[in-house]
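The block underneath contains the structure these notes are about, expressed in structure tokens.
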Amino acid sequence: MESMPKEFLPMAKELAKYSRLVWDMRFVEANGGNLSVKIAEDLIITTPTMMSKRELTLDDMVVCTLKGDIVFGSRSPSSELHSHLAIYNVNENAKAIVHSHPPYATSYAFADDMPIEWLAPESVFWIGEICVIPFLMPGSIELSNEIKRTCKEKYVLFLKNHGLITWGESLQNAMWRTEVMESYCKTAHLISTRGAKPAKLNSKQVNMLVKLKEDFHR
Ligand SMILES: [Zn+2]
């Protein structure tokens, strides 16, 4: 197998590290999930298809252009490559993407009671407005077109009957959004199992948090 070119090694290492992390957190199973990160204006590096995120090596990774042409790699890229490309395409701030099936978030993706009202400061700060896309075949052109149509300037996408995609300025950023979303869904689930009513933040509190977020990014 051809070795990963030297200039791509640091990002390939990051990708292997976060792939292992999503597996360690049990946010993926079997060959599920996929991650990618931008390594140049027109290049990304992505996890391969049909492999566990538990033990990916640097040479398992695949380098592609933003059009989907393979530049390096002897494996096939993630089957969700076109969804990733659609997200990079419409979101300038997307530099890395994590797709996983975290159990609590995914349970909401499989149901009709999405917990998308603000409950926690972290959700306002990290999540913002959520995209929810009805079930479309994974990896299909219909799915990437729908992503392009609805996911501009957002950071979190629920794929109905499938799972979660998050993105951000870095793999750490994208991963934090996955963790925050999963934690939020776990909390929402625990509230609902007690039959309790969520104590929602009022609009003044939400606006203060949004301002805090804007000041932070200035
Ligand atoms: Zn998936």
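The values are calculated or read from the model by the stated rules, or taken from the named source; none is laboratory data. On a predicted model such as this, the values are computed, not experimentally measured, just so you know. Every residue, glycine among them, receives a Cβ derived from its backbone with ideal geometry; neighbour counts consider all protein chains shown.
Observations on the model:
- Of the set (1) assigned to a loop (DSSP other than H, G, I, E, B); (2) away from the ligand (no atom under 16 Å from the Cβ); (3) in contact with a Phe, Trp or Tyr (Cβ under 8 Å, 6 or more places away or on another chain); (4) farther than 21 Å from residue 67 by Cα, all apply to residue 124 but (1).
- Residue count, the range 1-36 (criterion: within 17 Å of residue 181 (Cβ to Cβ) and part of a loop (DSSP other than H, G, I, E, B)): 6
- Enumeration of residues in the range 159-172 that are away from the ligand (no atom under 16 Å from the Cβ) and surrounded by 19 or more Cβ atoms within 10 Å (Cβ to Cβ): 168, 171
- Positions within the range 134-158 being of a type in the set (A, V, I, L, M, F, W, C), within 14 Å of the ligand (Cβ to nearest atom) and either part of a helix (DSSP H, G or I) or over 14 Å from the mean Cα position of the chain (by Cα) (or both), in sequence order: 135, 136, 137, 143, 147
- Residue 181 more than 14 Å from the chain's Cα centre (by Cα) and either surrounded by 15 or more Cβ atoms within 10 Å (Cβ to Cβ) or in a loop (DSSP other than H, G, I, E, B) (or both): no
- Residues of the range 83-97 satisfying the condition of being in contact with a Gly (Cβ under 8 Å, 6 or more places away or on another chain) and either within 13 Å of the ligand (Cβ to nearest atom) or assigned to a strand (DSSP E or B) (or both): 83, 96
- Every condition in (1) farther than 23 Å from residue 129 by Cα; (2) within 16 Å of the ligand (Cβ to nearest atom) is met by residue 61 except one, and the failing one is (2).
- Residue selected from the range 184-212 under the condition assigned to a loop (DSSP other than H, G, I, E, B) and in contact (Cβ under 8 Å) with a residue 60 or more places away in the chain, by the criterion nearest to the ligand (Cβ to nearest atom): 198
- Among residues of the range 2-40 being hydrophobic (A, V, I, L, M, F, W, C) and within 16 Å of the ligand (Cβ to nearest atom), the one that is surrounded by the most Cβ atoms within 10 Å (Cβ to Cβ) is 35.
- Pairs with Cβ under 9 Å, 6+ apart, first in the range 25-36 and within 15 Å of residue 75 (Cα to Cα) and at pLDDT below 95, second near the ligand (Cβ under 10 Å from one of its atoms) and not aliphatic (A, V, I, L, M): none
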